[in-house]
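Each remark here refers to the structure printed beneath this line.
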Amino acid sequence: MKYIELQIITTTEASDAVSEILYSEGASGVLIEDPNDFNALNKNEKSWDYVEEELIELMGKDARVKGYFPSGEFNETILKSIADRVEKLEGFGLNKGKGTVSTREVSDEDWANAWKKYYKPAKIGERVVIKPTWEEYKAKADEVVIELDPGMAFGTGTHETTIMCMKLLEKYVKDGSTVFDVGCGSGILGITAARLGAGKVVCVDIDEVSCRVSRENAEMNKVAEKVDVRCGNLLNVVSGKADVIIANIIADIIISFSEDAMSFLTRGGIFISSGIIRDRRDDVLSKLREEGFNILEVMEMGEWCAIAAEGD
């Protein structure tokens with residue numbers, strides 16, 4: 001099958017927003033190639049072998065977001081709509097960078113495998129290692145290895161927002177914890193929580209492809225009995241309370257459902273939020289405090305920050 005690969009050259013700051021534009025316009029899958037992600041990892045001595053240095057050099061300094069559309073369903077109207085929406089990102093306070101849009105035809109095998117050359121095993125935090133399924137890795141005694149094949153879903157463990165979430169999960173997930181992963185993508189964070197000892201994990205995503213991939217990845221990591229994947233919007237499809245809620249989304253959505261997050265937490269439960277551009281950090285902190293959260297820590301990496309807050 002032939003696909004149209006639509007590439008947008010942008011910035012780290014705008015890459016998530018651009019990927020959402022592509023999904024909303026009908027992309028079957030989205031790939032983010034951001035040298036800033038890899039540079040951040042390579043500065044961490046524990047991430048020694050994550051990506052080849054020469055590949056980073058070839059990528060340059062710009063983030064590239066690629067969306068894949070079945071060729072028979074792609075047309076000039078979609079192309080123009082995407083270009084117009086990217087251009088308007090500046091009006092939402094996001095630096096779109098070059099914002100250039102280009103297209104080319106590729107086969108499904110080409111696009112499904114093109115990104116794999118970038119990924120190698122990486123140690124995140126003190127114990128967690130992300131290992132792509134096609135790579136070999138011999139784990140040390142204390143390491144928790146997460147096997148991952150993102151497929152068409154967002155979430156390879158390379159983005160700074162995901163790295164920070166995993167470090168915070170290492171710190172706050174206890175044996176037997178109940179964890180809600182809101183906006184689960186490939187399921188990487190929920191699976192990590194389960195492998196770290198959580199007794200029950202509920203992963204939620206509005207995208208059916210993400211839900212399918214999350215279930216597959218949970219099976220691959222032998223935690224399917226702990227991980228319940230549900231397709232729905234935010235916390236609308238969950239019940240009960242969690243010891244930890246994690247949301248790696250964007251600042252506006254975190255702000256909008258922080259009140260719900262408080263009501264779904266056990267007393268003293270932890271709300272981990274990420275996907276927050278530094279410029280929006282204070283907005284999120286203000287809202288969390290307004291809802292009664294006690295801010296435990298703010299972690300920063302690149303242009304992003306993550307927040308751990310305790311419920312009352």
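Throughout, read-outs are computed from the coordinates displayed, never taken from laboratory work. Fair warning: this is a prediction, and the values are worked out from it, not measured in the lab. Cβ atoms come from the backbone with ideal geometry, glycine included; neighbour counts cover every protein chain shown.
Quick notes
- Within the shell defined by Cβ-Cβ distances under 9 Å, the residues around Ile250 carry a net charge of -2, with Lys and Arg each +1 and Asp and Glu each -1.
- Panel order for Val182, Val244, by other beta carbons found within 10 Å of each beta carbon, from fewest to most: Val244, Val182.
- FRET efficiency estimate (nearest 0.05) - Cβ-Cβ, Val298 to Glu225, R0 30 angstrom: 0.30
- Greater than 28 Å apart at Cα, pairs in Lys140/Lys200; Lys66/Lys241; Lys138/Lys222: Lys66/Lys241
- Stretchable slack from Glu259 to Arg215, in nm (0.36 nm times residue separation minus alpha-carbon distance): 13.0 nm
- Between the alpha-carbon centres of segment 220-249 and segment 158-185 there is a gap of 11 Å.
- For segment 160-310, the spread of Cα positions along each principal axis, largest first, Å: 38, 31, 27
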